[in-house]
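Here it is, the structure, as structure tokens.
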Amino acid sequence: MKPMCYIHNFILNPLFNPSHIPEGIVPPPYYATGDPGSAPSTPEIKDETSIQAMRRSCKLARQILDKCGQLVRPGLTTDEIDKFVMEESFKAGCYPSPLNYRNFPKAVCTSVNNCVCHGVPDSRPLEDGDIINIDITVFKDGFHGDCSETYLVGIVDQSGVELLDISRQCLYTGIQQCGPGKPFSGIGKAVENLLYGTRFRVVPAFTGHGIGRYFHGPPDIYHCRNRYPGVMKPGMVFTVEPAISEGSDKIYILEDEWTAITTDGSRSAQFEHTILITETGVEILTVGPEQEKET
Ligand code: MF3
Ligand code: CO
Ligand code: CO
């Protein structure tokens, strides 16, 4: 696979003017400054009203993500995906959470081939044989919902298809370890057990995260073997989002301070859900009609 490295523009998306948010959109606290402020210091237990709001933002994130997936084809640029996400989000009455989050310049993360995550949309057209992760987070009624999928662009080699398959399995294996009283550390253990003896590796640099009125907060969800303390409790909402590499599990961050690429140029894939711990198990908040088949 061709390694990609290119210069990003460092300016905030010219499509977006923080002083002209469309009518009816309530943006998150960082939209103008880039500073997300603080999250709770320990994993939060959400009440029923907050859970209902989480269900709405997660459902919207999934709907926009599925629409993006249908656009994916050779020739499409990631800037076009970004423009689409901005328009669809505002149309749906929500704010695209990445936009100006810690100065991220665009409305969506698009991570192609050797890019593990946090890829910044640009003018490169997708090529036949690429893989692309699209990571959508939206902010609606005060709460964020976060999900991502990796897509095949045109015809992808067998190895790339296997990378996507196993990455999706890692996500669902991780989610199967979730429920009331279950240790957070069980997720990473199960993911690593699934990959044992394969050529695929978890990229430990990126974790899942608690989510709510804040984009990222406790708990940290490790997808590698770990000793993170604590157990899951009903009302907790967090993401599971293992990033899996075909080769090295080490990463570099490019000078844009966002784009994470594998050190050896190998491809990486990732799938993400936001989930709720219930009294009896787990509810996947970002599941849509397409993913019902996968669970
Ligand atoms: N959506 C990513 C995640 O899963 C976070 C992206 S942060 C951004 O946690 F600023 F790059 F958008
Ligand atoms: Co995400
Ligand atoms: Co996330």
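The values are calculated or read from the model by the stated rules, or taken from the named source; none is laboratory data. These numbers were taken from a predicted model, which means no experiment stands behind them. Cβ sites come from the backbone with ideal geometry, for glycine too, and all protein chains shown count toward neighbours. Heavy atoms of the whole protein, side chains included, go into the accessibility calculation; ligands, DNA and RNA do not. Shrake-Rupley method; radii C 1.70, N 1.55, O 1.52, S 1.80 Å.
Set Lys and Arg Cβ to +1 and Asp and Glu Cβ to -1, take the dipole of region 179-295 about its Cα centre, and tell me which of Ile251, Val203, Thr278 lies farthest positive.
So the residue furthest toward the plus end is Thr278.
Between exposed chymotrypsin sites (Phe, Trp or Tyr not before Pro) in the chain, where DSSP calls loop and at most 15 other Cβ atoms lie within 10 Å, what's the longest gap?
The longest such stretch corresponds to 11-195.
What does the helix-only formula give at 222 nm for the chain: each DSSP H stretch with n ≥ 4 adding -39500 (n - 2.57), the total divided by the residues, and the result rounded to the nearest 500 deg cm²/dmol?
-8000 deg cm²/dmol
What accessible area per residue, rounded to a whole number of Å², is obtained for the chain using a probe radius of 1.4 Å?
Result: 43 Å² of accessible area for each residue.
Could you work out which residue, out of Leu285, Leu195, Leu60, moves most in a Gaussian network model of the chain, that is, has the largest mean-square fluctuation with Cα springs under 10 Å?
Leu195
Right, something else. Round to the nearest 10 and report in Å² the accessible area of Thr49, as given by a 1.4 Å probe over the protein chains' heavy atoms.
110
If we restrict to alpha carbons, what Rg and Dmax does the chain come to, in Å?
17.8, 53
Also, quick follow-up: Going by the alpha-carbon gyration tensor, a ≥ b ≥ c the square roots of its eigenvalues, is region 198-262 rounded (a/c under 1.5) or, if a/c is not under 1.5, prolate (a/b greater than b/c) versus oblate?
It is oblate, given that a/c is not under 1.5 and a/b is not larger than b/c.
Could you pull the accessible area for Lys59 with a 1.4 Å probe, rounded to 10 Å²?
For Lys59, the solvent-accessible surface is approximately 120 Å².
Let me cross-check Glu192: its accessible surface, 1.4 Å probe, with only protein heavy atoms counted, in Å² to the nearest 10?
That residue has around 60 Å² of solvent-accessible surface.
Classify region 44-187 from the C-alpha gyration tensor, please: rounded if a/c falls under 1.5, else prolate or oblate depending on whether a/b exceeds b/c.
Oblate.
About its Cα centre, what dipole magnitude does the chain give when the only charges are +1 on Lys and Arg Cβ and -1 on Asp and Glu Cβ, stated in debye to the nearest 20?
The dipole magnitude comes to about 560 debye.
Give a residue-ordered list of calculated ³J(HN,Hα) values for region 107-121 (Karplus: 6.51 cos²θ - 1.76 cosθ + 1.60, θ = phi - 60°; whole Hz; x for Gly, Pro).
Using θ = phi - 60°, the values come out as 8, 8, 9, 10, 10, 9, 6, 7, 7, 6, 6, 6, x, 9, x Hz.
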